[in-house]
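Working notes for the structure below.
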Amino acid sequence: MTDTSFQANPDNFCYRHPDRQSFVLCQRCLRTICPECQTQMPVGVICPECLAEQQKQQQATVTRMPRRRGSSRGGASARVSSGTPVVTYTIMGVTIFFYLLGMIPGFGDALRGMLVFYLPLTYTQPWRLVTVTLVHQGIWHVALNMLALWALGRSLEPLLGRWRFLALYLLSALGGSVLTALLAPTAVVAGASGAVWGLLGAMFVIGRHLGANVTAIAVILGLNLVITFLPGSNIAWQAHIGGGLVGALIGFIFARTRAVRQRRTQIWLLIAVAVGLLALLGVPLLVYR
């Protein structure tokens, strides 16, 4: 991380103090900020400009809305909610809800059958590419996936922002389904593991780019990789690897397009990833059309 290109990259230095190297991003605008420019939030930090903008929005909200008796001050309430990983908790809630629906006798089996990934049916039922994340094979399956999502989402979502985190999760799930379609076209797959592997892959790449210690993430990835290929594990390794690779690619895109001026480029690159995955899916789909 000390090569010439790294030192010459302005995104690796505080945008307000170009002589100060830093690896911390504002959780709202994703610009690099040094300790002097950081304002600690419940989760993550924000830069002075984003703080001023947030305070201005809070004041406007307080002005428009009458204060209710017994409620807390508008500024404090808004500040607490700003760092909450809403997307992470929403995904967890929806996934657990569908798991509980799947336990209803009769109806649950039919619902699960409509959501699992099965390539021959994907041509007319494309939602299966991502709804595979809502179906699990048992309490331990859903519990471990949701635990991993909770642990990773609390760090990644405030760092990336809500829409980037959601895009990462969904594209990783899509990547897992596509690689499964290419390598195991007759497999029936269930679970959010591909999307979770995508979060791990993205966190590893982003951490490396920021100069963070990613040893723990590398160990977790290695252990999961070993478990995936254990004999008799009955794990769809194609979904894991596909999700992890796509997550790493998206993490690289996020790490290289952090500047505000690169936001449009970032969006187009994410669209290109989605289009590329769907194009790859077209190959096995033609066979089972």
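The values are calculated or read from the model by the stated rules, or taken from the named source; none is laboratory data. Just so you know, these numbers come straight off a predicted model, no measurement behind them. Because the Cβ atoms are built from the backbone with ideal geometry, glycine has one as well, and the counts that use them run over all protein chains shown. Side chains are part of the model used for accessible areas, which takes the heavy atoms of the whole protein and leaves out ligands, DNA and RNA. Shrake-Rupley method; radii C 1.70, N 1.55, O 1.52, S 1.80 Å.
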*Would you please name the residue that is farthest from Tyr118 (Cα to Cα), looking only at residues in segment 219-234 that are of a type in the set (Val, Ile, Thr) and buried (at least 16 other Cβ atoms within 10 Å of the Cβ)?*
Ile220
_So Leu270 passes all but one of these: (1) in a helix (DSSP H, G or I); (2) of a type in the set (A, V, I, L, M, F, W, C); (3) modelled with pLDDT under 95; (4) within 19 Å of the chain's Cα centre (by Cα). Which condition number does it fail?_
(3)
*Asn234 fails exactly one of the following numbered conditions: (1) part of a helix (DSSP H, G or I); (2) without any contact (Cβ under 8 Å) to a residue 40 or more places away in the chain. What is the number of that condition?*
(1)
*Is there any pair linking a residue in segment 161-173 that is without any contact (Cβ under 8 Å) to a residue 60 or more places away in the chain to one that is part of a helix (DSSP H, G or I), with Cβ under 7 Å and at least six apart or on different chains, and which?*
Leu170/Val130
*Give me a count of the residues in segment 238-289 that are of a type in the set (Val, Ile, Thr) and within 19 Å of Ala218 (Cα to Cα).*
3
_Give me the residue from segment 32-62 that is modelled with pLDDT under 85 and part of a loop (DSSP other than H, G, I, E, B) and, out of that set, most open to solvent (accessible area, probe 1.4 Å)._
Pro42
*Condition met for Thr215 (farther than 26 Å from Leu183 by Cβ, hydroxyl-bearing (Ser, Thr, Tyr) and under 19 Å from the mean Cα position of the chain (by Cα))*: no
